[in-house]
């Protein structure tokens with residue numbers, strides 16, 4: 001059988017032939033890739049020459065190229081365009097891949113060579129980046145169990161394999177619950193819904209071929225607008241209850257047992273590696289350093305945020321009473337009445353924005369910002385192989401030279417995970433030649449013609465493009481240090497910082513144009529948007545912080561504890577307002593349970609927000625949101641340097657000092673009375 005993974009990719013920029021890769025290609029590709037990598041590792045370990053940087057670290061960096069190629073395509077497809085066949089392969093490969101990496105990390109001879117090199121690191125004349133990659137490799141091996149002895153080594157490997165399977169099952173269960181639930185809606189049930197959202201709901205019903213004029217699903221971009229505008233309180237409640245119960249229904253997709261087992265295994269893993277709990281293990285390799293420091297930040301913000309949320313709650317209840325409503329505010333009411341109150345206080349209806357926020361224009365706005373800050377230009381390619389007709393591809397150029405490819409996959413559809421994310425088909429590096437990055441953004445906007453975004457959708461687009469730039473602008477030598485291969489509480493800095501430019505009047509007046517007339521957003525409407533931008537920050541901050549604190553508490557639990565009971569205890573301890581639910585309840589908390597990425601790390605968004613809020617003030621202090629000198633430092637020390645520097649050192653090099661939390665509180669309007 002012809003297999004694209006066994007061929008040279010000779011198309012433009014050596015991009016993967018996504019139009020020819022099928023599910024049937026992955027099993028044989030993985031078989032060969034794993035065998036090749038195993039042989040390469042054996043050769044590195046058995047090299048008779050004394051351990052040196054080139055024959056250990058550089059050799060490790062050059063190994064496993066076929067596996068990297070296969071894995072990058074597979075992981076992208078299982079996230080963006082999966083099906084039953086791919087999901088079966090995913091479950092099959094999860095323990096095999098985990099076992100493969102455990103065997104490498106615990107290879108006694110290989111680690112002995114790496115450790116010998118590490119112990120002599122100060123005397124072998126390494127440059128800064130080479131020293132950094134050596135230190136990172138050594139730490140990776142130690143944290144993966146290289147120093148364990150006897151049965152503990154086998155147990156850690158078993159735990160890793162089981163966690164890989166459970167994480168895959170968790171994400172597949174959430175996706176199944178999201179895709180298996182549809183709310184058909186009549187004309188009467190659409191009362192209050194703005195035209196652009198009605199159009200998206202009509203398109204969704206047509207796509208799903210259901211016997212109803214309109215439909216919403218459990219995709220956030222479908223559910224939240226309905227909760228925000230629908231007059232039908234019963235329909236709002238029905239949708240809300242389904243939305244918050246994903247992964248927690250009496251069906252085969254229930255994640256409760258998976259969560260319990262994962263937390264127990266993570267705790268055992270941390271104990272084997274000499275840490276008090278999993279949070280302590282995870283944060284030892286982060287900017288925060290300890291759970292105590294991460295929790296301190298969350299709790300510093302919790303007090304002002306909860307106070308503001310209670311003020312917002314009381315104002316919403318007062319509005320219900322004024323309108324003659326004889327009921328208490330419920331969670332499915334909050335967004336609806338918050339939107340009404342925003343219109344009343346600021347004479348601002350977010351639905352007025354949508355005609356000006358067309359997806360194509362917002363993509364161009366993100367590109368324009370990158371051009372002004374970093375000198376980038378973007379040239380669309382329509383000849384690139386893609387895995388779905390929705391995907392668009394651009395060349396990214398700097399000073400006339402192509403520095404990478406950017407793929408955009410913006411619409412929700414069956415087989416695609418919810419949420420928004422950045423990933424790559426190939427990372428920038430120079431070990432294997434001048435390798436250009438191939439970066440992709442995924443979003444889940446409701447597809448319609450034209451596709452009109454909410455302001456929050458536009459923020460999401462800028463956020464993910466900030467991640468994309470972190471990958472595209474990488475200028476490092478080693479794959480291990482490339483782009484977003486940084487600490488979890490640093491990786492959100494480039495993305496969250498980039499959101500600030502969406503609110504710049506220069507960007508909005510250029511690209512927020514009416515989709516029918518082409519007229520720019522009127523200044524009075526722009527002024528209202530900017531005046532109301534921090535409205536509702538009590539709710540937004542509280543729902544995030546609740547999830548972050550639950551995550552931290554989960555990963556300090558004693559083994560055998562009931563996670564859902566612990567979640568309830570956390571909400572009681574922090575005195576969570578009952579009208580607000582955590583942004584992510586445990587059974588669908590994919591950040592934490594679909595893999596190891598944000599486990600004991602959801603706090604990272606808030607930690608990075610301290611950095612981004614303080615960092616953007618550097619541009620404000622320069623009195624120019626595109627100040628060239630500040631942008632140069634931002635590019636050099638944050639976007640281009642990957643993991644080549646200590647993260648706190650990198651931030652200080654950009655900002656000239658450590659960050660201040662006051663910028664975050666000010667940015668969320670948590671330091672002044674509610675409007």
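Bear in mind that the values in this text are calculations on the coordinates, not laboratory data. Only a predicted model underlies this, so the values are computations on that prediction, with no experimental measurement involved. Positions of Cβ are backbone-derived with ideal geometry, glycine not excepted, and every protein chain shown enters the neighbour counts.
Using the per-residue mean of other Cβ atoms lying within 10 Å as a proxy for protection, in what order, highest first, do the peptides 313-325, 581-593 fall?
581-593, 313-325
Working out 0.36 nm times the residue gap between residue 382 and residue 573, then minus their Cα-Cα distance, what length gain in nm do you get to one decimal?
63.3 nm
Suppose R0 equals 56 Å. What FRET efficiency, 1/(1 + (r/R0)^6) with r the Cβ-Cβ distance, do residue 47 and residue 413 give to the nearest 0.05?
For R0 = 56 Å, the calculated efficiency reads 0.70.
Express in whole angstrom the spacing between the alpha-carbon centres of the stretch 512-575 and the stretch 17-39.
Rounded to whole Å, the Cα centres lie 40 Å apart.
Report the relative contact order of the stretch 181-244, percent, no decimals, based on alpha-carbon pairs under 8 angstrom and at least 6 residues apart.
39 percent
Between residue 330 and residue 120, what FRET efficiency comes out of the Förster formula 1/(1 + (r/R0)^6) with R0 = 56 Å and r the beta carbon distance, rounded to 0.05?
Calculated transfer efficiency: 0.30.
Quick one: compute a quarter of the convex hull surface over the Cα atoms of the stretch 181-244 and quote it in nm².
Mean shadow area of the hull around the Cα atoms is 3.7 nm².
For the stretch 294-327 and the stretch 491-511, write down the distance between their C-alpha centroids in whole Å.
For the stretch 294-327 versus the stretch 491-511, the Cα centre distance is 28 Å.
Restricting to DSSP H runs of at least four residues, report the calculated mean residue ellipticity at 222 nm for the chain, -39500 (n - 2.57) per run over all residues, nearest 500 deg cm²/dmol.
So the calculated ellipticity at 222 nm is -17500 deg cm²/dmol.
Restricting things to alpha carbons, tell me how big the stretch 537-675 is in terms of Rg and Dmax, in Å.
18.1, 55
Subtracting the Cα-Cα distance from 0.36 nm times the residue separation, let me have the gained length for residue 299 to residue 65 in nm, one decimal.
79.8 nm
Quick one: angle between helix 195-208 and the longest Cα principal axis of the chain, in degrees between 0 and 90, rounded to 10, please.
60 degrees
At 4 °C and a viscosity of 1.567 mPa s, what translational diffusion coefficient does Stokes-Einstein give for the chain, taking Rh as the Kirkwood radius over Cα pairs? Give it in µm²/s as a whole number.
Using the Kirkwood radius from Cα pairs, D works out to 49 µm²/s.
Decide, for the stretch 258-329, between rounded, prolate and oblate: order the square roots of the alpha carbon gyration tensor eigenvalues as a ≥ b ≥ c, take rounded if a/c falls under 1.5, and otherwise choose prolate if a/b is larger than b/c, else oblate.
oblate
What angle, in degrees between 0 and 90 and rounded to the nearest 10, separates the Cα long axis of helix 65-80 from the longest principal axis of the Cα atoms of the chain?
20 degrees
Looking at the chain only, what percent of DSSP beta bridges run antiparallel? Nearest 5 please.
The antiparallel proportion sits near 80 percent.
Under a point spin-label approximation (7 Å from Cα along Cα-to-Cβ), what is the residue 139-residue 127 distance to one decimal in nm?
Roughly 2.1 nm, to one decimal.
Starting from the Cα of residue 8, step 7 Å toward the Cβ, then list every residue of the stretch 65-87 with an amide N under 20 Å from that point.
65-70
Label residue 371 and residue 662 with points 7 Å out from Cα along Cα→Cβ: what is the distance between them in nm?
For residue 371 paired with residue 662, the spin-label model returns 3.8 nm.
How far apart, in nanometres, would the label points at residue 622 and residue 31 be if each is projected 7 angstrom from Cα along the Cα-to-Cβ direction?
The answer from the label model is 5.6 nm.
Can you figure out the FRET efficiency of residue 456 with residue 432, using R₀ = 56 Å and their beta-carbon distance, to the nearest 0.05?
After rounding, the FRET efficiency stands at 0.90.
Relative contact order (percent) for the chain, with alpha-carbon contacts under 8 angstrom and 6 or more residues of separation?
The value is 16 percent.
Whole angstrom only: what separates the Cα centroid of the stretch 626-675 from the Cα centroid of the stretch 110-172?
31 Å
How far is helix 256-272 tilted off the main Cα axis of the chain, in degrees rounded to 10, range 0 to 90?
40 degrees
Return a whole-number percent for the relative contact order of the stretch 319-416, with Cα pairs under 8 Å and 6 or more residues apart as the contact set.
About 14 percent, as a whole number.
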